[in-house]
Amino acid sequence: MAGHTLRWAMVAAVLVAGCGDKPQQNGDSRVVLIGQVSPLTGPQAHLGKDNENGARLALDEINAAGFTLGGKRVVLELKSEDDAADPKTATTVAQKLVDEGVVGVVGHLNSGATIPASKIYSDNGIPQISPSATAVAYTSSGFRTAYRVMTNDAQQGSVLGHYVVARLGAKKIAIIDDRTAYGQGLADEMEKAAKAAGGEVVAREYTSDRATDFMAILTSIKGKAPDLVFFGGMDPQAAPMIKQMKQLGMQAKFLGGDGAQTPKFIELAGADAEGALASNPGLPLDAMPGGSAFKARFEAKYGKIQNYSPYAYDAMRVLIEAMKRADSSDPAAYLAELPKTDYQGVTGHIRFDAKGDITGGAVTLYQVKDGKWQTLETVQSAK
Amino acid sequence: MDIFLQQLINGLVLGSVYALVALGYTMVYGILELINFAHGEITMMGAMVALAAIGALALAAPGLPGVLVLGAGLVVAIPVCVALGLLIERVAYRPLRHAPRLAPLITAIGVSIILQNVAMLIWGKQYIPFPAVLPQGRHALFGANITDVQIAILLLTMGIMLLLILMVQKTRLGRAMRATAQSRQVASLMGVDVNRVIAATFVIGSALAAVAGVMVSAYYGLAHYYMGFLLGLKAFSAAVLGGIGNLGGAMLGGLLLGLIESFGAGYIGDLTGGFLGSHYQDVFAFFVLIAVLVFRPCGLLGTRVVERA
């Protein structure tokens, strides 16, 4: 009997606790919950924490300035969740946030986690802005709730294709991809744009995201004497690839996407990394319109910026700006305002196209010089 | 022509690495009729341990010549891998020697997963750069390029294979191994200490795996906790292609698989006019494997009963 009573008591306690999480009336101010999801554990935890801090900084600033909706004071509260960069966990925490009653979400960090979660937000009508998911599929599913503030892979690939022909003067181009959604998507767009700009694609080769030996495909490419080799894939493949290009005595330039534009690439490729080119969506921090001011405010509170926190900050700002315009935190009401976004953020001017992608996003090119990535130049996406 | 020669070099280097790992599979299979799926992971452990030793040495005594540093890495990696091989045999295979043949196969897979996870816990999930300790020289050869590392890999594997054949054919241990391979029971009746012979097989196989792991890492310049899986799978296929249980077969199978992959990836796109690209390189390799097995179920050099190992 005692066990039975205890169980009912626990159920009651859970119910009461559950109520506590709902938006509540508190005097004349009320609490509005906004979700943030990124990997807070695992190898990408530092990036995930960075996103969380970026979103939190935006919230804290807005709360400190005083935020009102419908004439009532509103306190914004951040609900931060860990998806461990895992698609399955991502859907679980997305559902959890929906159940807790968040009115919007900044996240997730990885495309692989963002895409499955986006269906849950869409089903429940919760607006979502990803700071850093770049896979095309995220916004091409036709979900009205899915937005992002970073240039996507297709836009990046298209900028690169045009850039290598028009700016680097490469006429014969060889393209390799790792057959992942990311690598292939990037390489396909790059190929289209390079051809449109008048370049000739002399070789299109493939590898996998597990491979370390590229001698055979590189030898075949070498026989076609390209001016440039483009690789759509990640740094564990890009690094041995550039090493093997040097081993084969290839003179062609090497260009990678953001998967290769990492410190790890230089660490793995060593001296052979010298001269390699790679791109990353967006602007380098010191070239962002609000970069230095953001850096000062962020670092005073959280320490060094890792990577995407300015984007998480902007995503949060854009979300709340839409609430302001709608004068409501009701997801259905302010979702209608998101397409009209025209916001000067830290990372640049943010406007969305019909799919929820950012228009006219920037892509920055980097080159390894003296064992470090140095900024070459920033190109605006035509799309 | 220069492209052809380059692909030949690529294929031979890749193939000799496969061959070295394939020997480990084939020796154990020859004697125990067991597919030691943990062998690929021992290769990975060899690379990781050597890497750790090289790192420690670089801190303790910087400025040593590269060959010496790599040698020191091997000197540490080989005993660790040998001990690991012996331990696996003792813990995971010997208690199951009279069990149905599926049981040790499952423990082999289990051991392989355990080793991967242990390596992940110790060294993390990241790719680790393998320092460029070997001379990075490059030589022109009729329009193709061959590097010092590639020459070293070719010479080392040839030497090891030669020694292994001599050992199996000419020494007492080799004779005991051949006898055990033919019939464990009869060999033990003739006074052969079967357990010792099996242990010796694991010792030799694991030492070869350690050498192969260090070579692969030095060649590609990186190591990773998962690197043993794919390498093990390819080497196992090479052993089957050549005829599993047959030493010469493992060498032939390894070299052949390396060459098929290299020429497949290099020429398949051009030969089919871009219809099939280089992502069909593995399909191509395994198609050859299936074709060989259809016509010669025991592999190229495999025979149904006669001597194994």
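The values are calculated or read from the model by the stated rules, or taken from the named source; none is laboratory data. For clarity, every value in this text was computed on a predicted model and none was experimentally measured. So basically every Cβ, Gly included, is an ideal-geometry build from the backbone, and we count neighbours across all protein chains shown. These accessible areas exclude ligands, DNA and RNA; they are computed on the full protein's heavy atoms, side chains included. Shrake-Rupley method; radii C 1.70, N 1.55, O 1.52, S 1.80 Å.
For the set A:Lys224/A:Lys253; A:Lys295/A:Lys369; A:Lys172/A:Lys369; A:Lys172/A:Lys224; A:Lys49/A:Lys264, the pairs lying more than 18 angstrom apart at their alpha carbons are A:Lys295/A:Lys369; A:Lys172/A:Lys369; A:Lys49/A:Lys264. With a cut-off of 11 Å between beta carbons, the residues surrounding B:Leu173 carry a summed charge of +4, where Lys and Arg count +1 and Asp and Glu -1. In the context of the full set of protein chains, residues of chain A present 39 Å² of accessible surface per residue (probe radius 1.4 Å, heavy atoms only). Dividing the summed helix terms, -39500 (n - 2.57) for each DSSP H run of n ≥ 4, by the number of residues in chain B produces a 222 nm estimate of -24500 deg cm²/dmol to the nearest 500. Quick check: from the Cα gyration tensor, does region B:5-162 come out rounded (a/c under 1.5), prolate or oblate? Oblate, because a/c is 1.5 or more while a/b does not exceed b/c. First obtain the Kirkwood hydrodynamic radius of region B:102-227 from its Cα pairs, then insert it into the Stokes-Einstein equation at 25 °C and 0.890 mPa s, and state the resulting D in µm² per second as a whole number. Reported coefficient: 137 µm²/s. Mean per-residue shielding of peptide B:115-127 is 1, counting Cβ atoms of other chains within 10 Å of each Cβ. Count Lys and Arg as plus one, Asp and Glu as minus one, and take only other residues whose Cβ is under 15 Å from that of A:Gly107; the net charge is then -1. Values of log10 I(q)/I(0) for chain A across q = 0.06 Å⁻¹ run -0.26, by the Debye formula with one identical scatterer at each alpha carbon and no solvent.
What quantity of accessible surface, computed with a 1.4 Å probe and excluding non-protein components, is buried in total between chains B and A, in Å² to the nearest 100?
Chains B and A together bury roughly 2400 Å² of accessible area.
Using a 10 angstrom cutoff on alpha carbons, build the Gaussian network for chain B and name the most mobile of B:Met167, B:Met27, B:Met45. Its mean-square fluctuation being the largest, the pick is B:Met167. Taking amide H atoms as placed 1.01 Å from N in the peptide plane, the amide H of A:Val201 lies under 5 Å from those of A:Ile173, each 5 or more residues away in sequence or on another chain.
Legend: mean number of C-beta atoms from other chains within 10 angstrom of residue C-beta atoms, peptide A:235-242, equals 2. Reported to the nearest whole Å, the Cα centre-to-centre distance from region B:1-44 to region A:202-233 is 23.
Protection proxy ranking, highest mean first, for peptides B:50-63, A:136-149, B:234-247: B:234-247, A:136-149, B:50-63, where packing is the per-residue count of other beta-carbon atoms within 10 Å, averaged. The alpha-carbon of A:Lys72 sits under 27 angstrom from the alpha-carbons of these lysines, leaving out residues fewer than 8 places away in its chain: A:Lys22, A:Lys324, A:Lys340. Based on the alpha-carbon gyration tensor of chain B and its eigenvalue square roots a ≥ b ≥ c, which shape applies: rounded if a/c is under 1.5, prolate if not and a/b is larger than b/c, or oblate? Because a/c hits 1.5 or more and a/b fails to exceed b/c, chain B counts as oblate. For A:His349 and B:Leu233, a Förster radius of 35 Å and the Cβ-Cβ distance give a FRET efficiency of 0.10, rounded to the nearest 0.05.
Of all aspartates and glutamates in the structure, those lying under 13 Å Cα to Cα from A:Lys243, and not within fewer than 8 positions of it along the same chain, are A:Asp213, A:Asp235, A:Glu267, A:Asp272, A:Glu274.
The average projected area of the protein assembly as shown, computed from the convex hull of its Cα atoms over all directions, is 38.1 nm².
With a 10 Å cut-off around each Cβ of B:261-267, the average count of Cβ atoms from other chains is 5. The residues of region B:15-233 expose on average 44 square angstrom of accessible surface per residue, using a 1.4 Å probe on protein heavy atoms. Each Lys or Arg adds one and each Asp or Glu subtracts one; over the other residues with Cβ under 10 Å from the Cβ of A:Pro226, this totals +3. Contact-buried residues of region A:203-223, at a threshold of 50 Å² lost accessible area versus the chain by itself: A:Tyr206, A:Arg210, A:Thr212, A:Asp213, A:Met215, A:Ala216, A:Thr219 (1.4 Å probe; DNA, RNA and ligands ignored).
Mind checking Rg over Rh on region A:284-383, alpha carbons, Kirkwood formula for Rh? Provide the component values of the computation, followed by the final result.
Values: Rg = 15.9 Å, Rh = 15.3 Å.
Using Cα coordinates only, the ratio equals 1.04.
Compute the FRET efficiency between A:Lys96 and B:Val91 as 1/(1 + (r/R0)^6), taking r as their Cβ-Cβ distance and R0 = 56 Å, and round to the nearest 0.05. About 0.85, to the nearest 0.05. Only protein atoms count toward the accessible area here, which uses a 1.4 Å probe; on the protein assembly as shown, the carbon and sulfur part of that area reaches 62 percent.
The relative contact order of region B:15-233, computed from alpha carbon pairs under 8 Å that lie at least 6 residues apart in sequence, is 43 percent.
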